[in-house]
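Accompanying notes for the structure given below.
No value in this document is a laboratory result; all are computed from the given coordinates. Keep in mind that this is a model prediction, so the values were computed, not measured. Here Cβ is always computed from backbone atoms with ideal geometry, including for glycine, and neighbour counts include all displayed protein chains.
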Amino acid sequence: MEIRLASPIQYDSIVDGEGIRAVLWTQGCPHKCPGCHNPITHDFDGGFIADVEELKNELTNNMKYQDGITLSGGDPFMQISAVLEIAKHVKALGKNVWAYTGFTFEKLIEISEKHPNMLELLNNVDVLVDGKFIESEKSYDLYYKGSRNQRIIDVAKSLENKEVVLVSKYAKEKTYNKLAEKKDYIFV
C-alpha cells in the first residue's frame, strides 16, 4: 500500500500534540484554509509516494523515545486506508495517536456511514484536533491548535457518548505567570 507524504516522518516534535512525537505529514488537503501554516501540503499531486510497510518498519525502529504519532498534513483523513494502517501499527507499539483535520468530528462520523474504515480510523485515534483553520480566530495562546474554533477532542469518549467530549486540560487558553516585574528605571 502507498501513501502520499509531504515530507519524511519528523521525530521529536514537541508542538504537534502532547509529549515527544513523531509527525506524519500527509500530502493533499481539500480545505485550503487561508493562512494555513503548511500550504505546500494542499496539492494532491505534490509531495512524494511512500510505501506504508516501509514507514511502519521505520516507526518500529524509531518510536522508542516518542510518546506517539501525530497525523497531520494536508489532511490525513483524505488517505484513510493508508493512515489507518499506520495508526493501527503505532497503537500496537503501545503509543498514542493524535490527528489533525479540517473536517469536524461530526462530518467524519457522517462520512463513516458510507466509508466504514473512517470509523475504524477514528477508533485508532486518541485525540483529534478538528475544524478548519480560521485566520480571524488565530491565537498563539492556544494549546496544540491554531484558531479558537478548532477543538481538541477525546475520540474514545466522544464515540462512546455519541457527542463531542473535549480534552479538558486544553480547553482554555494558555496563561503566563509574570516572571519579573519591569522597573521604571534602568542602571547604566
Per the Kirkwood definition applied to all pairs of different Cα atoms, how many angstroms is the hydrodynamic radius of segment 2-170?
15.9 Å
Simple spin-label estimate for residue 169 and residue 123 in nanometres, 7 Å along Cα-Cβ:
2.7 nm
Note to self: C-alpha centroids of segment 94-119 and segment 1-34 sit apart, in Å, by 16 Å
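What FRET efficiency, computed as 1/(1 + (r/R0)^6) with R0 = 22 Å and r the Cβ-Cβ distance, is obtained for residue 1 and residue 162, rounded to the nearest 0.05?
The value I calculate is 0.10.
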State the extension gain, in nm to one decimal, for the chain segment bounded by residue 61 and residue 38, taking 0.36 nm per residue of separation less the distance between their alpha-carbons.
5.6 nm
